[in-house]
Amino acid sequence: MSGVLIHLPPGEGMGTATGRETGAVAPGPVTLRLGAGGVARFGRGSASTPVELRLADPAVSRLAGEIRVTDDHWQLSNLSTGQTYLVENPEGAGEYFRVPPRRAGAPIPFEFARVVLPTRGSAVSFQVFAPDHVYMDPDGMDGWGTRTLTAFSLDETATYFLVLVALCEPRLRDESAVAVATTPQIVDRLRSHPECGRLTARAVSSHIDYLAEEKLRISAPATADPRQGARRNGKREAVVGLALRFGLVREEHLALLPPRAPAPHRVEVAGR
């Protein structure tokens, strides 16, 4: 990895540290570039505690944390004594993890991450871009013995995959962290697709059963509600959760769906 890019959007902080907690520091975006071995500290800062990335909120510690770049990833240290930080994946389906107080060198797996610090008002955050993660060449891995089977074999050209993408769409678009598309919603969403014009609700349910039982091999929960609707909703949630957790459906797959219809405009009628 050649390094990371740290970006503090305008309004989130007061710029890079000048050695003073207050003073003439122009608000605005800040961008830092760190190569392998580079370190950047963030927090409120002070004359005795300089930081490279200044977050001038009174709820942020003077020395809140540290980012350290290694050869193949970057690490986040939480130097506060009582605040937990969040690291979010803006490109994922609500993925995040917590970095507890005094946690040193937590490895960050996301290529694009948002670091969020709590405050007394709205949280402050900054972004970290790590675009050069290293991957092994699959052509050089054939001579390691018996070929490894694929855990989840999905055909991205099949109708069941379109149903799966439509099922995951609300969470991929961050419209809801818990909602799962219903069968009528999926039928309506795929109606304009050239291969799904005659797709019925019964067919959608069959595709979801096929995904759960054959492709993703999701076992029914032992505490399933005896009502069919509750069991089916639980199955849908399990399918969506597994597909998003393992990256089987990603944001780029939304391009397989038909364009979304524009929201209708409200027409105001003037009173008499």
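Pop out the carbon and sulfur fraction of the accessible area of segment 66-120 as a percent, whole number, probe 1.4 Å. Walk me through the intermediate numbers first.
Numbers: 1250 of 2800 Å².
So the carbon and sulfur contribution to the accessible surface is 45 percent.
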Segment 49-124 shape via C-alpha gyration tensor axes, a/c threshold 1.5: oblate
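If I stretch the segment between Ser48 and Arg250 completely, what's the gain in nm (0.36 nm per residue apart, minus their alpha carbon distance), one decimal?
68.2 nm is the gain from fully extending Ser48 to Arg250.
The values are calculated or read from the model by the stated rules, or taken from the named source; none is laboratory data. Computed from a predicted structure; not experimentally measured. The accessibility values were calculated without ligands, DNA or RNA, using every heavy atom of the protein model including side chains. Shrake-Rupley method; radii C 1.70, N 1.55, O 1.52, S 1.80 Å.
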